[in-house]
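What follows draws every value from the coordinates through simple rules; no lab data is involved. Everything numeric in this text was worked out from a predicted model, so none of it was measured. Here the Cβ positions follow ideal geometry from the backbone for every residue, glycine too, while neighbour counts run over all protein chains shown.
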Amino acid sequence: MGTVTIGVSIAVPEPHGSLLQERRAGFGDPAAHGIPTHITLLPPTEVGAEDLSAIEEHLAEVAGSGRPFPMRLSGTGTFRPLSPVVFVQVVEGAEACTWLQKQVRDASGPVARELQFPYHPHVTVAHGIAEEAMDHAFEALADYEAAWPCNGFALYEQGADGIWRKLRDFTFQKPTLPAQGPDRAKRGRRQPAR
């Protein structure tokens with residue numbers, strides 16, 4: 001059956017996704033239009049095509065134990081000089097992303113793998129382009145802000161043309177935790193143990 005290259009990520013929703021994709025293309029990154037704007041949970045990974053159904057089953061289980069969480073992007077960062085990447089920072093939701101990617105890559109699961117670098121959730125906006133263009137990307141999006149409720153993640157496959165296409169969405173199944181506001185604390189109401 002051969003092999004396929006897959007990835008698992010959280011899509012950056014509209015209008016933010018298209019805006020960042022256009023900005024990435026504007027910085028001169030040739031990969032911009034082949035990669036939907038995302039936060040990686042599993043980097044590009046080669047798997048046997050016959051393993052896809054087991055992988056989907058595993059991802060459905062991960063989503064079944066996850067809950068929606070707030071995601072917020074703010075400002076830029078870079079992995080240079082270690083890696084030629086400029087990104088928009090995840091300033092809220094990073095812990096949840098870190099937990100999720102560990103579940104996806106679980107040693108007992110079908111896509112267990114080690115990472116080349118320690119996991120750091122981010123949204124790439126420039127990769128492997130000229131240093132001046134990287135500097136421009138870093139400065140141009142320094143004030144960028146976006147926020148949305150993250151309700152799940154998706155499985156993608158990279159085609160022979162290099163373009164990433166979504167295979168399936170996975171929605172979190174657990175309810176959102178109630179907000180712990182000061183008014184709730186004043187009344188002395190406690191949340192039941194889960």
Completion exercise
Residue hits (the stretch 46-76; surrounded by 17 or more Cβ atoms within 10 Å (Cβ to Cβ) and assigned to a strand (DSSP E or B)) are Val47, Phe69, Met71, Leu73, Thr76
Completion exercise
Only unsatisfied item for Leu42, checking (1) surrounded by fewer than 19 Cβ atoms within 10 Å (Cβ to Cβ); (2) under 30 Å from Asp135 (Cα atoms), is (1)
Practice task
Take Glu22 and decide whether it is closer than 19 Å to Ala154 by Cα and either among the basic types (Lys, Arg) or loosely packed, with under 14 Cβ neighbours inside 10 Å (or both).
Solution key: no
Handout entry: Arg23 vs. criteria more than 22 Å from Lys174 (Cα to Cα) and outside any loop (DSSP other than H, G, I, E, B)
Key = yes
Exercise for the section: Report yes if some residue within the stretch 106-113 is out of contact with any helix residue (DSSP H, G or I) (no Cβ under 7 Å at 6 or more places or on another chain) and assigned to a helix (DSSP H, G or I); otherwise report no. Expected result: no
Completion exercise
Filtering the stretch 1-19 for residues that are touching a helix residue (DSSP H, G or I) at 6+ places or on another chain (Cβ under 8 Å), buried (at least 20 other Cβ atoms within 10 Å of the Cβ) and assigned to a strand (DSSP E or B) leaves a count of 3
